[in-house]
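Just below is one structure, and these are the notes that go with it.
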Amino acid sequence: MDNKRIPEHIAIVMDGNGRWAKHRSLPRLAGHNAGMIALKEIVKRSSTLGVKHLTVYAFSTENWKRPKDEVGGIFKILVYYVNKELDELYENNVKVGILGDYSKLPKDAVEKLEEALAKTKNNTGLQFHIALNYGSRREILEAAKHMAIEVAEGRCRSEDLTEEMMSSFLYTKNIPDPDLVIRTSGEQRLSNFLLWQSAYSEFVFTDVYWPDFTTSCLEEAISEYQGRIRRFGGIK
């Protein structure tokens, strides 16, 4: 891994918590808890490597279909870890951001997330974006609706609409597109994650379940990324 060519923005689909637990004859929530432990180490290593933006897919708009006890347990784990880790995030100059409509989460989770947003808002180090109740199709649809309103109310002509304007209405409006998207657990799909933003991202898929995804795994993914030639439709 070349420490001078670290991707500016890494996005991760943290997949495999449930299967990790199943293979150990543990309840699924044990996998989600182990996944949070893994996440802490990845955040720390991303920060020390000089990654500017780290985005993780924590809870999708489709995840509400899961059993209620699992969904409730996930948010309890979230509250526990925000309580436990917020001071350290603050001290390490990490700024927390949320992608998605987190207002639909349980009240205690919303309160803790807003506490994290407020406490770290002036931090200037790693920008740590958590996708919660996030779905990329919904995000794109809402952006399209905003653009339609701009046209309908005469603030813009339809022929003047641009990709940049579309991007300005997304949750990621002030965030560069991901250079590298990593998905764990052997699955090779985006699952409604950053569909617009990842148009020219490099993808790395690994069979490792998320709770077993170590800082060495992260460095291996970055090394693989560094071996790619990014042409963006051109020729190099």
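The values are calculated or read from the model by the stated rules, or taken from the named source; none is laboratory data. None of the values given here were measured: they were computed from a predicted structure. Quick reminder, even Gly has a Cβ in these numbers, built from the backbone with ideal geometry, and neighbours come from all protein chains shown.
Out of all the residues in region 38-50, is one or more farther than 25 Å from residue 208 by Cβ and touching a strand residue (DSSP E or B) at 6+ places or on another chain (Cβ under 8 Å)? Checked region 38-50: no residue is farther than 25 Å from residue 208 by Cβ and touching a strand residue (DSSP E or B) at 6+ places or on another chain (Cβ under 8 Å). Of the residues 110, 96, 13, the single one that is hydrophobic (A, V, I, L, M, F, W, C) and free of Cβ contacts under 8 Å to residues at least 12 places away in the same chain is 110. In region 38-144, counting only strands (runs of 3 or more DSSP E) that sit wholly within it, the ones holding 3 or more residues that are more than 23 Å from residue 219 (Cβ to Cβ) span 95-99, 127-134.
Within region 193-210, if we keep just the residues that are in contact with a strand residue (DSSP E or B) (Cβ under 6 Å, 6 or more places away or on another chain), assigned to a loop (DSSP other than H, G, I, E, B) and of a type outside the set (A, V, I, L, M, F, W, C), the residue that is surrounded by the fewest Cβ atoms within 10 Å (Cβ to Cβ) turns out to be 198. Take the conditions (1) buried (at least 16 other Cβ atoms within 10 Å of the Cβ); (2) modelled with pLDDT of 95 or more; residue 82 misses just one of them, which is (2).
Within region 128-165, the only residue that satisfies the criterion of being closer than 30 Å to residue 40 by Cα and loosely packed, with under 14 Cβ neighbours inside 10 Å is 137. Annotation for region 214-228: at least one member residue is part of a loop (DSSP other than H, G, I, E, B), within 18 Å of the chain's Cα centre (by Cα) and either buried (at least 16 other Cβ atoms within 10 Å of the Cβ) or not aromatic (Phe, Trp, Tyr) (or both).
Of everything in region 166-192 that is more than 12 Å from the chain's Cα centre (by Cα) and acidic (Asp, Glu), the residue that is surrounded by the fewest Cβ atoms within 10 Å (Cβ to Cβ) is 187.
Is region 162-178 home to any residue that is at pLDDT 95 or above and on the phi > 0 side of the Ramachandran plot? No, region 162-178 contains no residue that is at pLDDT 95 or above and on the phi > 0 side of the Ramachandran plot. Inspect region 125-140 for any residue being among the aromatic types (Phe, Trp, Tyr), at pLDDT 95 or above and in contact with a Leu (Cβ under 6 Å, 6 or more places away or on another chain) and give the result as yes or no. Within region 125-140 (the criterion being among the aromatic types (Phe, Trp, Tyr), at pLDDT 95 or above and in contact with a Leu (Cβ under 6 Å, 6 or more places away or on another chain)), the answer is yes, since at least one residue qualifies.
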